[in-house]
Structures are given as C-alpha cells and as structure tokens.
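Everything on this sheet refers to the single structure shown next.
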Amino acid sequence: MLTSPPQPPAIVLSIPAIGVRTVVRLGTGEAVLARGPGFYSGTGRPGCGCTIAIAGHRVTPVPGFDGHGPFRNLDRVRRGSVITLGTARYRVTGFRTVRPGDTSALAEVGHERLVLTTCTPPGSDTFRLEL
C-alpha cells in the first residue's frame with residue numbers, strides 16, 4: 001500500500017490591519033504563490049528563534065482574494081501593528097524598499113523575527129517591499 005509523506009501542519013498568517021487571514025505554503029515558486037503566500041526556503045517557522053520570511057503576491061490574482069493577491073495592501077500596515085503566524089505574535093517595526101536581488105532581509109539577526117515581502121509598486125516587479 002502506498003502512503004503519502006506526512007504533511008506539515010498548516011500555519012495561518014493573520015494581518016488584521018488589512019483583513020488578511022490565509023494559510024502559508026512551503027516555497028516561493030510561482031506555482032506556490034499562485035495559491036497564497038509561501039515561506040522562503042531556508043528560513044524558519046514560529047518558535048525557531050530565527051528569521052522567518054514569507055513572500056506573497058499583490059496584484060496577481062490568488063483564489064480567495066477577490067481578483068488580487070493577499071499582500072495587495074501590505075503597504076497600509078503601520079509600525080506597531082500586530083501580525084500573527086500560527087500562535088506567535090510579531091509587531092511591525094518598519095518597512096523598506098529593495099531591489100529584487102537584495103536578500104539581506106533573510107539574514108539571521110540573533111532573534112526571532114518575521115519578514116513579509118511583495119513586489120512594489122503594485123503591478124510592477126521593479127522593487128520589493130519588506131516589512
């Protein structure tokens with residue numbers, strides 16, 4: 001009898017400031033992001049004590065998001081807002097805009113933190129917005 005490999009438990013991302021509640025998937029390839037946000041390869045999960053990084057679309061339609069992506073309004077989240085990932089809570093400390101090849105936000109910083117990324121400006125992949 002064939003059995004499927006065990007699946008990791010679903011981890012729900014909640015961004016109340018912009019009304020987002022969605023499951024985060026493994027990986028950031030186009031096939032993954034077409035279904036919702038995905039964890040960057042090699043980054044952690046809640047409780048790891050390390051950097052946790054998630055990418056998501058802004059304008060590319062994703063099922064369940066009314067013809068846009070889950071991170072459509074990521075730029076409207078403000079410093080001090082709370083984001084939850086599973087049962088862990090993270091407070092937004094700021095934003096920055098970087099070139100697509102800049103992966104410095106994925107670096108370890110000696111404590112657990114959550115980094116969310118999306119393309120910016122909306123409809124363009126010229127830069128990445130990170131919070």
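What follows is calculated from the coordinates using simple rules that are stated; it is not laboratory data. All figures in this text were calculated on a predicted structure; none of them were measured in a lab. As a convention, Cβ positions derive from the backbone with ideal geometry for all residues, glycine included, and neighbour counts pool all protein chains shown.
Flag not set for residue 129, criterion: buried (at least 16 other Cβ atoms within 10 Å of the Cβ) and within 22 Å of residue 48 (Cα to Cα). Restricting attention to region 89-106, the residues that are farther than 17 Å from residue 125 by Cβ and of a type outside the set (Phe, Trp, Tyr) add up to 7. When residues in region 106-122 are screened for being touching a Lys or Arg at 6+ places or on another chain (Cβ under 8 Å) and either farther than 15 Å from residue 53 by Cα or not polar (S, T, N, Q) (or both), 3 of them pass. Per the conditions (1) of a type in the set (D, E, K, R); (2) touching a residue at least 12 places away in the same chain (Cβ under 8 Å); (3) not in a loop (DSSP other than H, G, I, E, B), the sole criterion not satisfied by residue 79 is (3).
Conditions (1) closer than 19 Å to residue 38 by Cβ; (2) of a type in the set (Val, Ile, Thr); (3) part of a loop (DSSP other than H, G, I, E, B), marked per residue:
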residue	(1), (2), (3)
90	yes, no, no
94	no, no, yes
101	yes, no, yes
109	no, yes, yes
119	yes, no, no
125	yes, no, yes
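Restricting attention to region 21-66 and to residues that are under 16 Å from residue 82 (Cα atoms) and either more than 11 Å from the chain's Cα centre (by Cα) or of a type outside the set (A, V, I, L, M) (or both), the residue that is surrounded by the most Cβ atoms within 10 Å (Cβ to Cβ) turns out to be 22.
Across region 88-111, what is the number of residues that are out of contact with any Leu (no Cβ under 8 Å at 6 or more places or on another chain) and crowded, with 17+ Cβ neighbours inside 10 Å? Number satisfying all stated conditions: 1.
Screening residue 62 on (1) in a loop (DSSP other than H, G, I, E, B); (2) among the aliphatic types (A, V, I, L, M); (3) within 17 Å of residue 10 (Cα to Cα) shows it passes everything except condition (3). Among the residues of region 82-123, those identified as over 17 Å from residue 17 (Cβ atoms) and either of a type in the set (Asp, Glu) or free of Cβ contacts under 8 Å to residues at least 12 places away in the same chain (or both) are 101, 102, 103, 104, 108, 110, 112, 121. The single condition from (1) in a loop (DSSP other than H, G, I, E, B); (2) under 18 Å from residue 128 (Cα atoms); (3) touching a Ser or Thr at 6+ places or on another chain (Cβ under 6 Å); (4) of a type outside the set (Ser, Thr, Tyr) that residue 53 fails is (1).
Of all residues in region 52-72, those that are touching a residue at least 60 places away in the same chain (Cβ under 8 Å) have Cβ atoms under 9 Å from Cβ atoms of residues that are among the polar types (S, T, N, Q) and crowded, with 23+ Cβ neighbours inside 10 Å, 6 or more apart or on another chain, in 53/117; 54/117; 55/117; 55/118; 56/117; 56/118; 57/118; 58/118.
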